[in-house]
Amino acid sequence: MISRRERKQRTMHEPSSKQPDTPFPDEIRRFVESASWRFAKTYAATWPHEYVVRTPENAAVLVALARHIFEHGTDGRFYSKIGKYHHEDGNVYWSMDPTPEATTLINRCNEAQTYEARLAAGTLPVATTRSPVKE
């Protein structure tokens, strides 16, 4: 028999049963494909991902991308934190900001590098002093 604590821990870490995400509209897809994504060096060894920063030139489409993530993304986990994630073409997109309008950058990583995928595969990074979120 599974204890209440084990059941809670399993539930906390199970990927949500999600419907396929609504695909990007054409304008957002063109932006995603043409943007200069920067590799995030800070977490290169633990959480490889890249990001694009909001600028005056891309502000309207970056906010539209953030809005799409917030409205059509699915709930996902990063340790104990729950956020909205958009899955498309083998990548996952997310914002760390509270609203689309407040979004200053969008992150993305390969599907295999998400917390949930790495938890399932047993490849979570070893805890370090630079742990991004406490579990």
Every residue from the stretch 48-99 that is assigned to a helix (DSSP H, G or I) and either closer than 19 Å to residue 125 by Cβ or in contact with a His (Cβ under 7 Å, 6 or more places away or on another chain) (or both): 68, 69, 72
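Yes/no matrix, rows are residues, columns are (1) over 16 Å from residue 40 (Cβ atoms); (2) exposed (fewer than 14 other Cβ atoms within 10 Å of the Cβ); (3) at pLDDT below 95:
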| residue | (1), (2), (3) |
| --- | --- |
| 52 | no, no, no |
| 73 | yes, no, no |
| 91 | no, no, no |
| 95 | no, no, no |
| 105 | no, no, no |
| 110 | no, yes, no |
Test result for residue 123, crowded, with 16+ Cβ neighbours inside 10 Å and assigned to a loop (DSSP other than H, G, I, E, B): no
Test: residue 32 is surrounded by fewer than 12 Cβ atoms within 10 Å (Cβ to Cβ), of a type in the set (A, V, I, L, M) and either at pLDDT 95 or above or more than 16 Å from the chain's Cα centre (by Cα) (or both): no
Leading residue by the ranking (farthest from the chain's Cα centre (by Cα)) among those in the stretch 36-47 that are closer than 15 Å to residue 109 by Cβ and in a loop (DSSP other than H, G, I, E, B): 45
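The values are calculated or read from the model by the stated rules, or taken from the named source; none is laboratory data. These numbers were taken from a predicted model, which means no experiment stands behind them. Cβ sites come from the backbone with ideal geometry, for glycine too, and all protein chains shown count toward neighbours.
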